[in-house]
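As structure tokens, the structure follows; a few thoughts come after it.
What follows draws every value from the coordinates through simple rules; no lab data is involved. Because the structure is predicted, anything quoted here is derived from the model rather than measured. Don't worry about glycine lacking a Cβ; one is built from the backbone with ideal geometry, like all the others, and counts go over all protein chains shown.
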Amino acid sequence: MRICLISREYPPETGFGGIATFVRHLAHGLKELGNEVEVVALAKETEKVVDDNGVKVHRVLPYKLEGDLDAVNRCMPYSRYVMLTTLGLWRKFHELHRAKPFDVAESPELLAESIYASVTRVIPLVVRLYTPHSKFIAENLHNTAATFDHLFVAMLERVAMAGADVLTCPSQDLAEFVAKDLPCPIESIAIVRNPIDPDEFSPDGPLTIARDDKIKVLFVGRLEERKGIQYLVDAIPSVLKECPQTQFIIIGDDTINASGGQRSVLADLKDTLKAAGCENNVTFIPRIPLSELPAYYRSADISVVPSLYDNSPYTCLEAMACGRAVIGTSAGGTREYIEDGESGMIVPPRDPQAIAGAIIKLIKEPEYRQFLSKNARQRVLDKFQRKKIAEETMRLYDIAIDKHRANQHSLYRRPVDQAVPDAAMMLYCMDRMIYNLMYQESYRFRLSYWLHHMMHRPRLFFAKLSLAVCKIVTRPFNRRPDQAPALVRWLENQVRSKQDNPLQKVIDEANRQNVEYAQSQNKFAERELSRR
């Protein structure tokens, strides 16, 4: 089977979190089953094609729309990012699919990465749930408020999910939320657990930190409220009071979303530790590549996953696969991966004392810690091996292909090659609409607009200013309102020549793509005729 995975995130360049980890494990699991797998993912700086041990990865940049889209960028920055990145991903996918068709595609629901495949229905589509934007809004995760910008993204995600042939989800907890939110029957969402490679994440192998007499407690994840890092840090003084020979290792990138304002979470955590006199027992390490993580898990004795919400955190699976005792919370899907008291420990979320109590128990009872570690590894081998998960996914691909064959109805009825220019034109027209409204109603916006032009496009600024002055000066002498004086007409032409016309460029781009498509179809037809 020829399979395309469409995902903004794919390591190492865009290995932001669990989505990147899942897509990589799935890609290689599918490849191991004999499938041809290609990934379309975002690039960090330049577009390129790389080979990831037999999986071809196409790195693309967000779609570049002519014009700066100032108004949309100010009012709907999140939506603008989503639309331009999804356009970039779709453009590359459609190019590849047109040259050599795929049998099926899979994509996350997050940020509507499959929206164009969903509305055009050019291919059987599987959409995997991670954490939809509506969940962030409903629970105010990452301080996500119900603004029009965020609600628009949530709407795009719902459209993408509604057009999928099959929905999959890594946890029953998240599936129940989406079934109510979309809405759809809960039975229509297939539970497919997150996969992992137990050979890569294994108890056997090198250590990053040498063994000594200290017990090492590990946290891996972004330093943000949703990951619950502040509750682990609040638990550290209680742990050190009982077990002073404990060392905490915290791996993850800083974020600027500390409660109470746009402040560094890392700075807040360090201030908390310093005030408690615990800073010497905690080591902070920025995010490291996925390939280096196993050595850190092996170096630790205990792994803590204190998330306030996670559908199924990969840090839990990775630590379990490396044979480490894991402490997770009952929030989200973590409790579906850990059997409390058998392959790990489950504590309530937002409870530093419960976290501290669990850590102390595992430190003081090494036999119980070893019991959990052994069972955690075995549970991964029994339930979460990536080849097993890939086989489950393949069965769902067959279902998606059958459903797609039975239902060819699509929301988008124009030629598929028009989707990119149509989307670009919609975004540009949205920008013009917002701009015209703001320019008409807000003097502050007008001042900002003119200052921006004066600083970044001085020639255009002075041309527009001269035109405005000339119109005012010549108005009393203009006897024919329908015909401006020659000087005014000349200045208007100067402004028109200096000012970009993004809409015309979008139309020109659409015409160019249509010509390229027609030429490629003619060449394909000629090859087929010669082959016959």
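For the reader, a short list of remarks on this structure follows.
- Packing, as the average of other Cβ atoms within 10 Å across residues, places the peptides 101-108, 301-308 in the order 301-308, 101-108, highest first.
- Amide H contacts for T283 (H built 1.01 Å from N in the peptide plane; partners 5 or more residues away or on another chain; cut-off under 5 Å): F248, I249, I250.
- Computed over the range 26-135, the ratio Rg/Rh where both radii use C-alpha atoms and Rh is Kirkwood: 0.99
- Hydrodynamic radius of the range 215-384 per Kirkwood, over alpha carbon pairs, in Å: 15.7
- A crude spin-label estimate for the pair T208 and D103, with each label 7 Å from Cα along the Cβ direction, gives 3.8 nm.
- For the range 279-381, size of Cβ-based charge dipole, Lys and Arg +1, Asp and Glu -1, in debye: 140
- For the range 118-247, the spread of Cα coordinates along the three principal axes comes to 59, 38, 23 Å, biggest extent given first.
- At 0.692 mPa s and 37 °C, Stokes D of the range 321-364 from Kirkwood alpha-carbon radius, µm² per second: 307
- Cross-link table K216/K388; K31/K100; K92/K388; K56/K92; K180/K388; K31/K56, entries beyond 22 Å C-alpha to C-alpha: K216/K388; K92/K388; K180/K388
- Over the chain, dividing the summed -39,500 (n - 2.57) contributions of all DSSP H runs of at least 4 residues by the number of residues returns a 222 nm mean residue ellipticity of -16500 deg cm²/dmol.
- Under the Karplus curve 6.51 cos²θ - 1.76 cosθ + 1.60, θ = phi - 60°, whole-Hz ³J(HN,Hα) for the range 93-105, x wherever Gly or Pro sits: 4, 5, 4, 5, 5, 5, 6, 8, x, 8, 7, 7, 10
- Highest-first packing order for the peptide set 229-236, 200-207, 266-273 is 229-236, 266-273, 200-207, based on the mean count of other beta carbon atoms within 10 Å.
- Applying the Karplus relation 6.51 cos²θ - 1.76 cosθ + 1.60 with θ = phi - 60° to the range 123-138 yields 3J(HN,Hα) values of 7, x, 10, 10, 10, 9, 7, 10, 8, x, 4, 4, 5, 4, 5, 4 Hz, where x marks Gly and Pro.
- Translational diffusion coefficient (Stokes-Einstein; Kirkwood radius from C-alpha pairs) of the range 50-107 at 10 °C, 1.306 mPa s, in µm²/s: 119
- Annotation: extensible slack from D253 through A468 equals 72.4 nm (criterion: 0.36 nm per residue apart, minus Cα-Cα distance).
- Rounded to the nearest 20, the size of the Cβ-charge dipole of the chain about its Cα centre is 2140 debye, with Lys and Arg at +1 and Asp and Glu at -1.
- Amide H contacts of R128: S107, E109, T168, each under 5 Å away and 5 or more positions distant or on a separate chain (H built 1.01 Å from N in the peptide plane; Pro and chain starts excluded).
- Using θ = phi - 60° in the Karplus curve 6.51 cos²θ - 1.76 cosθ + 1.60, the 3J(HN,Hα) couplings for the range 304-320 round to 10, 10, x, 4, 7, 7, 7, 5, 5, x, 5, 4, 5, 5, 5, 5, 4 Hz; x is entered for Gly and Pro.
- Relative packing of 249-256, 89-96, which averages over residues the other C-beta atoms within 10 Å, highest first: 89-96, 249-256
- Stokes-Einstein diffusion for the chain, with the hydrodynamic radius set to the Kirkwood value over Cα pairs and evaluated at 37 °C in a medium of 0.692 mPa s, equals 126 µm²/s.
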